[in-house]
Amino acid sequence: MTRYEGDMDGLRREWRRVRQERLRIRDSLAGKGIDRTSIRKNREYRELKKRQKSLSNKIRHLEGRKSRRIAGEKKRET
């Protein structure tokens, strides 16, 4: 396993954990009868959504680096 794969696995694990927490909060608030707009304005929900977006970007950037590294290796082989 390369360093990139290890980093991506950790980030994906964190992304899933944050998503589950965000969905738990959403379902909890919806169960209390709070409308969708108010749920989106909830402080905890917004912070988790922001964290999830940040993790998504980090994963995307690591995947791009990995892809460029693989392409460079293939180019050198030919």
Give just the number: which of (1) at pLDDT 95 or above; (2) of a type in the set (Gly, Ala, Ser); (3) in a helix (DSSP H, G or I) does Gly72 not satisfy? (1)
Does Arg24 satisfy being exposed (fewer than 13 other Cβ atoms within 10 Å of the Cβ) and within 27 Å of Asp7 (Cβ to Cβ)? yes
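Residues Glu5, Glu63: which one is in contact (Cβ under 8 Å) with a residue 60 or more places away in the chain, assigned to a helix (DSSP H, G or I) and exposed (fewer than 14 other Cβ atoms within 10 Å of the Cβ)? If you could, list the steps in order and put the result at the bottom.
Details: Glu63 fails: in contact (Cβ under 8 Å) with a residue 60 or more places away in the chain.
Result of the check over Glu5, Glu63: Glu5.
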Which ones in segment 1-30 are among the small types (Gly, Ala, Ser) and more than 19 Å from Leu48 (Cα to Cα)? Gly6
Output the residue which, of all residues in segment 38-78 that are within 20 Å of Arg3 (Cβ to Cβ) and aliphatic (A, V, I, L, M), is farthest from the chain's Cα centre (by Cα). Ala71
Looking only at segment 14-37, decide whether some residue is within 15 Å of the chain's Cα centre (by Cα), assigned to a helix (DSSP H, G or I), closer than 18 Å to Gly64 by Cα and free of Cβ contacts under 8 Å to residues at least 24 places away in the same chain. no
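The values are calculated or read from the model by the stated rules, or taken from the named source; none is laboratory data. Predicted model only: the values in this text are computed from it and were never measured. We place every Cβ from the backbone using ideal geometry, glycine too, and count neighbours over all the protein chains shown.
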